[in-house]
Amino acid sequence: MAIKKPIKKEVLKRDNYACRKCKTKEDLTLHHTVPQRIDGPDEKDFLVCLCRKCHSDWHLLEAELGIGYSYYLVKDIFFLWLKNKKIKLKVRS
């Protein structure tokens, strides 16, 4: 489902029409902090502005870490990634 225009405008304005990761104002997209595949809503509190490169980088990392289906884990790690925090996951056996 497409994100409604008024919500897109609110998110872009809130994020100063810039990527939240690298701050570029070029080639912007909206990213769901909770993936749509696990019922992430199209609401402004669950959307952030990313450029296409950062958006792609995030999804590559998400796949590498295998966190795409964990509601809280994916959201928490996404916000750590946005702040350039080191991400280490310990696998329990």
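Only helical runs count toward this figure. For the chain, summing -39,500 (n - 2.57) over DSSP H runs of n ≥ 4 and dividing by all residues gives -12000 deg cm²/dmol at 222 nm. For the chain, the solvent-accessible area with a 1.4 angstrom probe is 72 square angstrom per residue.
Remark: spin-label model distance LYS5-THR33 equals 2.7 nm, labels positioned 7 Å along the Cα→Cβ axis. Fully extending the segment from GLU43 to ALA18 would add 7.2 nm, taking 0.36 nm per residue of separation and subtracting the current Cα-Cα distance. Projected label points at SER70 and LYS83, each 7 Å from Cα along the beta carbon direction, are separated by 1.8 nanometres. Take the cross-link list LYS8/LYS86; LYS4/LYS83; LYS25/LYS85; LYS13/LYS86; LYS4/LYS86 and give me the ones stretching past 25 Å between alpha-carbons. Result: LYS8/LYS86; LYS4/LYS83; LYS13/LYS86; LYS4/LYS86 exceed 25 Å. Derived scalar couplings between HN and Hα for the range 30-37 equal 10, 10, 7, 5, 10, x, 4, 5 Hz in order, rounded to whole Hz, by the Karplus curve 6.51 cos²θ - 1.76 cosθ + 1.60 (θ = phi - 60°), x for Gly and Pro.
Taking the Cα centre of the chain as origin and assigning +1 to Lys and Arg Cβ atoms and -1 to Asp and Glu Cβ atoms, the resulting dipole is close to 340 debye.
When the range 32-73 is described by a simple charge dipole with +1 on each Lys and Arg Cβ and -1 on each Asp and Glu Cβ, the residue from GLY40, LEU60, LEU73 located farthest towards its positive end is LEU60.
Share of carbon and sulfur in the accessible area of the chain stands at 53%, probe radius 1.4 Å.
The values are calculated or read from the model by the stated rules, or taken from the named source; none is laboratory data. Just so we're clear, the structure is a prediction, and the values are computed from it rather than from any experiment. FYI the Cβ positions are ideal-geometry reconstructions off the backbone, even for glycines, and counts take in every protein chain you see. Heavy atoms of the whole protein, side chains included, go into the accessibility calculation; ligands, DNA and RNA do not. Shrake-Rupley method; radii C 1.70, N 1.55, O 1.52, S 1.80 Å.
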